[in-house]
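Chemist: This is the structure I want to talk about, given as structure tokens.
The values are calculated or read from the model by the stated rules, or taken from the named source; none is laboratory data. These figures come from a predicted structure and were not determined experimentally. With ideal geometry, Cβ positions are generated from the backbone for all residues, glycine too; neighbour counts draw on all protein chains shown. Note: accessible area is taken over every heavy atom of the protein model, side chains too, but ligands, DNA and RNA are not part of it. Shrake-Rupley method; radii C 1.70, N 1.55, O 1.52, S 1.80 Å.
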Amino acid sequence: METLENKSSKKSSSHEGYVLVTGGAGYIGSHTVLELLICGYNVVVVDNLSNACEESLIRVQTLAGRPLKFYHANILDEQTLIPIFEKYNIWAVLHFAALKAVGESTKIPLDYYWNNVTGSLNLFRVMERFGAYNIVFSSSATVYGQPDIIPVNEKCSLGPVTNPYGKTKLFIEEAIRDMCAANNKWNAILLRYFNPTGAHPSGVIGENPRGIPNNLMPYVSQVVQGRFPFVKIFGGDYDTVDGTGVRDYIHVCDLATGHVAALRKLKTKPGCVAYNLGTGVGYSVLEIIKAMSRACGKEIPYQITKRRPGDIAVVTADARLANAELGWYPKYGLDQMCQDLWRWIDSNPLGYPESSNEAKQILQQMSA
Ligand code: NAD
Ligand code: UDP
């Protein structure tokens, strides 16, 4: 049987050293790992699989035709991270690992602070110990709180942020800014994502559904699949095109290319810089439901209910800094986001299946 290891010998790396991707088995991480492999980077993934499974990485390797190294490990565990840094020449870290549900974070804030903040600080200490001073951090538009200006740009004031999840993002950004100010060996790019959605156009990797989603697109997907009877639209009386909330949705594959652009930028020793990753175009909840309905060819029932506390009418990105300094431009529009999302959920209605033991073993052998 041709294994991925010998298949991949036909495609080799064009980059020295390794990029460590924390949380690389998750939704945005897995799409980014694929893009990194396609671009010739050597990748080591660390993920504790608290919100992911090996199958995403097995599929990523197959799509890329190149292997990656995988460690089922927790970023909170320094004793697991150290041997990984000893073994691989890690020159940069893409740091995705985090708990990410806003609603859940208000119920179990300590878990969020511990996992996201302590986990990040632990990772940064290990990076510093090994002289791995280049980091790209997964931040969020949530750090702007209620933005002063729309579209929001990177000079807008940060916070106040009202939920523990968002506060962890702001705290980690602050820690990184302080680290960079204290030691100019550090280079950090803070990528503030707007509203990620979609899936790889192959339909082979995507967002694995778990529990009741908070976010609009995963919720709409579950209504399409018949798991919930209708979409609850939170507010129909905003000052927007049709009264429903407007957001800047961005294809996950555009986020993936944004990370590769950020890695290239790190090589120019930029210090600490934040970039918005969004399209600059806003769509209302009703426009999203209509676009998803076009993509799947089904009516999507909805009911307009009261506003969700803390929501604001419109949030869109001014991403001109990322365009100018990273040379990054999103290429997917709303219809493509919905078509790709639909392709993924139609072919994988229950998300990723449990991987076979053989597949898991192949992945583990690659890191031995
Ligand atoms: P995800 O849950 O799919 O991926 C996060 C991954 O991190 C998961 O695979 C999980 O198993 C892993 N993980 C969590 N804690 C860990 C730990 N202590 N050690 C090792 N692995 C750990 O989420 P995602 O949507 O891919 O988000 C990736 C990053 O982007 C997160 O930092 C998230 O906060 C940020 N972000 C996401 C969105 C969004 O809407 N999806 C928006 C803005 C920012
Ligand atoms: N929204 C909604 N119903 C839902 C989830 C979200 O009407 O079940 C709305 C929400 O009020 C906002 C938009 O959809 O206007 C995007 O919400 P999401 O939680 O996905 O992103 P965020 O508000 O964090 O930008």
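Chemist: For the stretch 116-145, how many residues are of a type outside the set (Gly, Ala, Ser) and part of a loop (DSSP other than H, G, I, E, B)?
Modeler: Taking the stretch 116-145 first, the residues of a type outside the set (Gly, Ala, Ser) are 116-118, 121-130, 133-137, 142-144.
Going one step further and asking which of them are part of a loop (DSSP other than H, G, I, E, B), we end up with 130, 133.
Residues flagged as of a type outside the set (Gly, Ala, Ser) and part of a loop (DSSP other than H, G, I, E, B) within the stretch 116-145 amount to 2.
Chemist: Looking only at residues in the stretch 241-289 that are open to solvent by less than 30 Å² (accessible area, probe 1.4 Å) and polar (S, T, N, Q), which one is farthest from Ser202 (Cα to Cα)?
Modeler: Thr244
Chemist: Then there's this: Need the failing condition index for Pro349 against (1) more than 26 Å from Gln146 (Cβ to Cβ); (2) assigned to a loop (DSSP other than H, G, I, E, B); (3) open to solvent by 70 Å² or more (accessible area, probe 1.4 Å), just the number.
Modeler: (3)
Chemist: Identify all residues within the stretch 158-168 that are within 16 Å of ligand 1 (Cβ to nearest atom) and without any contact (Cβ under 8 Å) to a residue 60 or more places away in the chain; write none if there are none.
Modeler: Answer for the stretch 158-168, where residues must be within 16 Å of ligand 1 (Cβ to nearest atom) and without any contact (Cβ under 8 Å) to a residue 60 or more places away in the chain: Leu158, Gly159, Val161, Pro164, Lys167.
Chemist: Considering only residues that are over 25 Å from Gln146 (Cα atoms) and of a type in the set (A, V, I, L, M, F, W, C), which ones fall in the stretch 311-336? Explain how you work it out, then say what you get.
Modeler: Of all residues in the stretch 311-336, those over 25 Å from Gln146 (Cα atoms) come to 324-329, 331-333, 335-336.
Within the stretch 311-336, Ala324, Leu326, Trp328 qualify.
For every residue, the table says whether it meets (1) within 16 Å of ligand 2 (Cβ to nearest atom); (2) within 19 Å of the chain's Cα centre (by Cα).
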position	(1), (2)
Asn115	no, yes
Ala132	no, no
Val143	yes, yes
Ile149	no, no
Val152	yes, no
Pro164	yes, yes
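Chemist: Which one of these is away from ligand 1 (no atom under 16 Å from the Cβ), farther than 15 Å from Asp248 by Cβ, open to solvent by less than 30 Å² (accessible area, probe 1.4 Å) and not basic (Lys, Arg): Leu326, Leu341?
Modeler: Values: Leu341 fails: away from ligand 1 (no atom under 16 Å from the Cβ).
Going through Leu326, Leu341 in turn, just one is away from ligand 1 (no atom under 16 Å from the Cβ), farther than 15 Å from Asp248 by Cβ, open to solvent by less than 30 Å² (accessible area, probe 1.4 Å) and not basic (Lys, Arg): Leu326.
Chemist: Is at least one residue of the stretch 127-139 among the small types (Gly, Ala, Ser), out of contact with any strand residue (DSSP E or B) (no Cβ under 8 Å at 6 or more places or on another chain) and modelled with pLDDT under 95? Break it down into steps so the answer makes sense when it comes.
Modeler: So the first thing to find is which residues in the stretch 127-139 are among the small types (Gly, Ala, Ser), and the list is 131-132, 138-139.
Checking which are out of contact with any strand residue (DSSP E or B) (no Cβ under 8 Å at 6 or more places or on another chain) leaves us with 131.
Cutting the leftovers down to modelled with pLDDT under 95 gives us none.
No, the stretch 127-139 has no match at all.
Chemist: When you scan the stretch 51-115 for helices (runs of 4 or more DSSP H) that lie fully inside it, which ones turn up with 3 or more residues that are open to solvent by less than 50 Å² (accessible area, probe 1.4 Å)?
Modeler: On the way: elements: 54-64, 78-87, 102-107, 109-112.
Answer list for the stretch 51-115: 54-64, 78-87.
Chemist: Still on this structure, please answer the following. Any chance you could count how many residues in the stretch 92-113 are over 21 Å from Ile58 (Cα atoms), away from ligand 2 (no atom under 16 Å from the Cβ) and in contact with a Phe, Trp or Tyr (Cβ under 7 Å, 6 or more places away or on another chain)?
Modeler: Adding up the residues that qualify gives 0.
Chemist: Let me confirm something: among Lys155, Lys185, which residue is part of a loop (DSSP other than H, G, I, E, B), more than 12 Å from ligand 1 (Cβ to nearest atom) and within 30 Å of Arg307 (Cα to Cα)?
Modeler: Working: Lys185 fails: within 30 Å of Arg307 (Cα to Cα).
From the options Lys155, Lys185, the qualifying one is Lys155.
Chemist: Let me ask another. Of all residues in the stretch 245-270 being in a helix (DSSP H, G or I) and of a type outside the set (A, V, I, L, M, F, W, C), which is farthest from Asp318 (Cα to Cα)?
Modeler: If we filter the stretch 245-270 for residues that are in a helix (DSSP H, G or I), which is where we start, we get 252-266.
With the extra rule that they be of a type outside the set (A, V, I, L, M, F, W, C), the set shrinks to 254, 257-259, 264-265.
On the way: Asp254: 15, Thr257: 18, Gly258: 15, His259: 17, Arg264: 21, Lys265: 19 Å.
Restricting to residues being in a helix (DSSP H, G or I) and of a type outside the set (A, V, I, L, M, F, W, C), the top hit is Arg264.
Chemist: Quick one: how many residues across the stretch 121-142 are open to solvent by less than 10 Å² (accessible area, probe 1.4 Å), of a type outside the set (A, V, I, L, M, F, W, C) and over 20 Å from Gly258 (Cβ atoms)?
Modeler: Number satisfying all stated conditions: 0.
Chemist: Spot the failing condition for Glu299; the list is (1) within 30 Å of Val161 (Cα to Cα); (2) of a type outside the set (Phe, Trp, Tyr); (3) assigned to a loop (DSSP other than H, G, I, E, B); (4) open to solvent by 40 Å² or more (accessible area, probe 1.4 Å), and only one is missed.
Modeler: If we test Glu299 against (1) within 30 Å of Val161 (Cα to Cα); (2) of a type outside the set (Phe, Trp, Tyr); (3) assigned to a loop (DSSP other than H, G, I, E, B); (4) open to solvent by 40 Å² or more (accessible area, probe 1.4 Å), just (1) comes out false.
Chemist: Answer yes or no as to whether Phe85 is modelled with pLDDT of 95 or more and under 17 Å from the mean Cα position of the chain (by Cα).
Modeler: Details: modelled with pLDDT of 95 or more: yes; under 17 Å from the mean Cα position of the chain (by Cα): no.
So Phe85 does not fit the description; no.
Chemist: In the stretch 158-182, which residue that is among the aliphatic types (A, V, I, L, M) and in a loop (DSSP other than H, G, I, E, B) is least open to solvent (accessible area, probe 1.4 Å)? Write out each step before concluding.
Modeler: Our first condition is that a residue be among the aliphatic types (A, V, I, L, M); within the stretch 158-182, this holds for 158, 161, 170, 172, 175-176, 179, 181-182.
Subset that is in a loop (DSSP other than H, G, I, E, B): 158, 161.
Details: Leu158: 59, Val161: 16 Å².
Once the filter is applied, the top-ranked residue is Val161.
Chemist: Evaluate the following for Asp148: is it part of a loop (DSSP other than H, G, I, E, B) and either in contact (Cβ under 8 Å) with a residue 24 or more places away in the chain or open to solvent by 60 Å² or more (accessible area, probe 1.4 Å) (or both)? Spell out the reasoning first.
Modeler: Working: part of a loop (DSSP other than H, G, I, E, B): yes; either in contact (Cβ under 8 Å) with a residue 24 or more places away in the chain or open to solvent by 60 Å² or more (accessible area, probe 1.4 Å) (or both): yes.
So Asp148 passes the test.
Chemist: Assess whether Val43 counts as being more than 16 Å from ligand 2 (Cβ to nearest atom), over 14 Å from the mean Cα position of the chain (by Cα), farther than 27 Å from Arg125 by Cβ and open to solvent by less than 10 Å² (accessible area, probe 1.4 Å). Walk me through it before giving the result.
Modeler: Working: more than 16 Å from ligand 2 (Cβ to nearest atom): yes; over 14 Å from the mean Cα position of the chain (by Cα): yes; farther than 27 Å from Arg125 by Cβ: no; open to solvent by less than 10 Å² (accessible area, probe 1.4 Å): yes.
No.
Chemist: A follow-up question, please. Is there any pair linking a residue in the stretch 339-352 that is farther than 18 Å from Pro213 by Cα to one that is among the aromatic types (Phe, Trp, Tyr), with Cβ under 9 Å and at least six apart or on different chains, and which?
Modeler: Qualifying pairs under 9 Å: Asp340/Tyr332.
Chemist: Can you work out which of the residues in the stretch 193-214 that are closer than 29 Å to Glu154 by Cα and assigned to a loop (DSSP other than H, G, I, E, B) is most open to solvent (accessible area, probe 1.4 Å)? First the steps, then the outcome.
Modeler: Initial filter on the stretch 193-214 (closer than 29 Å to Glu154 by Cα): 193-200, 206-207, 213-214.
Now restrict to residues that are assigned to a loop (DSSP other than H, G, I, E, B): 194, 198-200, 206-207, 213-214.
Numbers: Phe194: 15, Gly198: 1, Ala199: 0, His200: 41, Gly206: 2, Glu207: 55, Pro213: 25, Asn214: 70 Å².
The extreme case among them is Asn214.
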